[in-house]
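Reading through the structure tokens given below for one structure.
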């Protein structure tokens, strides 16, 4: 029986040391399972793109014969879903408040004037929760993100989505729409916000059952 590998992808402006990442690492460790958590900032958040994340995470994959489960939070969830579309060895997905439609939502939140300033100046100041300070993000992030369309994610891979009903960043309706058109997706809604930190014990149980840990 082949051993399954597990990789956790943290969210936008977050890090492997986030409370959520460490909580899950500890729960997997309790089950004698190693949870790999790559740093998607790669020491250069300012030039982050989804394409860079995809390429980086792919280098963490084991041999093609090894089953793989990806767990992704927010933008890490979107990244995980794209990777699952591209790599057959990804056999299950666990998505925590996945950032489907991220750029459309974010650009709307920023407003036309701030987006124009971002494009003209080249950089937008973004608060990075992992660094606990604001960092500049290059406009190439927006250009690159426009290349990825959620509608293209159609591979029928078993997927568990956990999303807070009070999510103030990525509305739960985004996950509802995604699950409604894909019979292989199970959506669990929780009374929480985008961070989901107040419901982590409730999240761990369905993750265990879904991953058959």
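Please work out the FRET efficiency for the pair residue 134 and residue 183, using the Cβ-Cβ distance as r and a Förster radius of 30 Å; give the result to the nearest 0.05.
On the way: r = 42 Å, r/R0 = 1.41.
For residue 134 and residue 183, the calculated efficiency is 0.10.
Taking R0 as 22 Å, what's the FRET efficiency between residue 143 and residue 46 from their Cβ-Cβ distance, rounded to 0.05?
Values: r = 15 Å, r/R0 = 0.66.
The formula returns an efficiency of 0.90 here.
Take the Cα atoms of the stretch 74-184, build their convex hull, and give its volume per residue in Å³.
Numbers: hull volume 13.0 nm³, N = 111.
Each residue corresponds to 117 Å³ of Cα convex hull volume.
Pull up the DSSP beta bridges for the chain and report the antiparallel fraction as a percent, rounded to 5. Don't skip to the answer; put the middle values down first.
Values: 6 of 29 bridges.
Just about 20 percent of them are antiparallel.
Multiplying the sequence separation of residue 112 and residue 165 by 0.36 nm and subtracting their Cα-Cα distance, what value in nm do you get?
16.3 nm
Please give the per residue volume of the convex hull enclosing the alpha carbon atoms of the stretch 53-98, rounded to a whole number of Å³.
Values: hull volume 2.6 nm³, N = 46.
So the per-residue hull volume is 56 Å³.
Before anything else, pin down the relative contact order of the stretch 124-213: Cα pairs under 8 Å, at least 6 apart, normalised by residue count, whole percent. List each step's numbers first, then the result.
Working: 90 pairs, mean separation 20.8, N = 90.
In percent, rounded to a whole number, it is 23.
Using only Cα atoms, figure out Rg for the stretch 5-121 and give it as a multiple of 2.2 N^0.38 Å.
On the way: Rg = 15.4 Å, N = 117, 2.2 N^0.38 = 13.4 Å.
The value comes to 1.14.
Rounded, prolate or oblate: which fits the stretch 1-69, taking a ≥ b ≥ c as square roots of the Cα gyration tensor eigenvalues, rounded meaning a/c under 1.5, else prolate when a/b beats b/c?
Numbers: a/c = 3.44, a/b = 1.31, b/c = 2.62.
Oblate.
Once both labels are modelled 7 Å past Cα along the beta-carbon direction, what's the residue 91-residue 212 spacing in nm?
With each label point 7 Å from Cα toward Cβ, the separation is 0.7 nm.
Taking every Cα atom in the stretch 86-136, find the radius of gyration and the maximum pairwise distance Dmax, and write them in Å.
For the stretch 86-136, the Cα radius of gyration and maximum Cα-Cα distance read 15.5, 43 Å.
What order, most packed first, do the peptides 106-113, 20-27, 53-60, 94-101 have when packing is the mean number of other Cβ atoms within 10 Å of each residue? Let's see the in-between values first.
Working: 106-113: 12.1, 20-27: 17.8, 53-60: 14.9, 94-101: 25.4.
Highest mean packing first, the order is 94-101, 20-27, 53-60, 106-113.
Which whole-angstrom value gives the distance between the alpha carbon centres of the stretch 141-176 and the stretch 58-131?
9
Hey, what number do you get for the chain at 222 nm if only DSSP H runs of n ≥ 4 count, each worth -39500 (n - 2.57), divided across all residues, to the nearest 500? All intermediate terms of the calculation are to be shown ahead of the outcome.
Values: 8 runs with 79 residues, N = 213.
-11000 deg cm²/dmol, from helical runs alone.
Taking only the alpha carbons of the stretch 134-190, what extent do you get along each of the three principal axes, in Å, biggest first?
Largest to smallest, the principal-axis extents are 38, 27, 15 Å.
For residue 119 and residue 193, what does the FRET efficiency come to when R0 = 30 Å and r is the distance between their Cβ atoms, rounded to the nearest 0.05?
Values: r = 30 Å, r/R0 = 1.00.
For residue 119 and residue 193, the calculated efficiency is 0.50.
Please state, as a whole number in µm²/s, the translational diffusion coefficient that the Stokes-Einstein equation yields for the chain at 4 °C and 1.567 mPa s, with Rh defined as the Kirkwood radius across alpha carbon pairs. Show your work: numbers first, answer last.
On the way: Rh = 17.5 Å.
Taking Rh from Cα pairs, D becomes 74 µm²/s.
Any read-out appearing in this document is the output of simple, stated calculations on the displayed coordinates, not a laboratory observation. Model, not experiment: these values are computed from the prediction. Ideal geometry is used to build each Cβ from the backbone, glycine not excepted, and the neighbour counts take in all protein chains shown.
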